[in-house]
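Here the structure is laid out as structure tokens; the discussion comes afterwards.
The values are calculated or read from the model by the stated rules, or taken from the named source; none is laboratory data. All figures in this text were calculated on a predicted structure; none of them were measured in a lab. Cβ atoms come from the backbone with ideal geometry, glycine included; neighbour counts cover every protein chain shown.
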Amino acid sequence: METVRSVFQHGWKSLKLYFMIGHPGETLADVAAIADLCKAVLQEGRRIAGGRARVHAGVSTFIPKPHTPFQWAAFDNLATIESKLGLLKEALRGTKIKMTWNDPQASLLEAWLSRGDRRLAEVILQAWRNGARFDAWGDQYSIQPWLDAFETLGIDPDFYSFRTRDVDEILPWDHINAGVRKAFLAEDYRLSQAGESRPDCRARCYACGILASFNELRQAQPGGGWQCP
Ligand code: SF4
């Protein structure tokens, strides 16, 4: 709110806030808090900038990605995402806060592709043969060519999206070194499930793995940009 005050005091009239729904463990109270925050921001904007203050809330859906602590987590199910979006639309109705959001079905496609394995190459080709084109364009996207492709190839799409992986499962991207140790990510994941987080690593190093991964680079640039203890 301090930043919001500063922005409006410096003359900006319009503020866009970005949110993500669908995080593992998210509750409806968490989602309702998004609307509360937007309302509080608009109220503060009006206090400073008057009736010209505008707030725009962009809401996207969380998609678990490889090489992150949530690479084992399931993508939120579509009915839950719809109900969370419904809650937000209802809470922001009549407030003059503009809300935009991602189509949950387009997010589902992203969820399949984000944690796909080599079998998805065939699915992508088949979906293209089925007519899938320009899927990132809202007016072009259709989930049906994709569902048909999965069915033709006998592959269950839910395997990629709605499944929680065991932490010791071998993942399709395990052979790629992104710099951070898998055990470090697993510990972050475990902490998140317990509702805990790690304190900032600038105070205490957890040996996440990047120092070893980028050893050569660090030696080539002594002192340059590497602030790890
Ligand atoms: S201080 Fe550096 S090496 Fe240690 S956990 Fe943080 S980013 Fe990783």
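Quick grid of which residues meet (1) surrounded by fewer than 16 Cβ atoms within 10 Å (Cβ to Cβ); (2) small (Gly, Ala, Ser); (3) closer than 30 Å to Ile210 by Cβ:
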{"position": "Val4", "(1), (2), (3)": "no, no, no"}
{"position": "Val7", "(1), (2), (3)": "no, no, no"}
{"position": "Gly25", "(1), (2), (3)": "yes, yes, yes"}
{"position": "Ala33", "(1), (2), (3)": "yes, yes, no"}
{"position": "Ala40", "(1), (2), (3)": "yes, yes, no"}
{"position": "Phe62", "(1), (2), (3)": "no, no, yes"}
{"position": "Asp76", "(1), (2), (3)": "no, no, yes"}
Taking first residues from region 211-229 that are over 23 Å from Phe184 (Cβ atoms) and second residues anywhere that are at pLDDT 80 or above and within 9 Å of the ligand (Cβ to nearest atom), the pairs with Cβ under 8 Å that are 6 or more apart or on different chains are none
Restricting the search to region 17-73, which residues are over 30 Å from Tyr189 (Cβ atoms) and in contact with an Asp or Glu (Cβ under 6 Å, 6 or more places away or on another chain)? none
Which ones in region 149-185 are within 16 Å of the ligand (Cβ to nearest atom) and either touching a Cys at 6+ places or on another chain (Cβ under 8 Å) or farther than 22 Å from Gly22 by Cα (or both)? Asn177, Ala178, Gly179, Val180, Arg181, Lys182, Ala183, Phe184
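Residue-by-condition table, conditions (1) of a type outside the set (Asp, Glu); (2) closer than 21 Å to Thr100 by Cβ; (3) over 17 Å from the mean Cα position of the chain (by Cα):
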| site | (1), (2), (3) |
| --- | --- |
| Glu2 | no, no, yes |
| Ser6 | yes, no, yes |
| Gly11 | yes, no, yes |
| Leu15 | yes, yes, yes |
| Gly22 | yes, yes, no |
| Thr27 | yes, no, no |
| Leu42 | yes, yes, yes |
| Arg47 | yes, no, yes |
| Arg52 | yes, yes, yes |
How do the pairs read when you match residues in region 25-42 that are in the same structural domain as Glu82 (by TED's automatic domain parsing) with residues anywhere that are charged (D, E, K, R) and surrounded by 12 or more Cβ atoms within 10 Å (Cβ to Cβ), using Cβ under 6 Å and keeping only pairs 6 or more apart or on different chains? Val31/Lys84
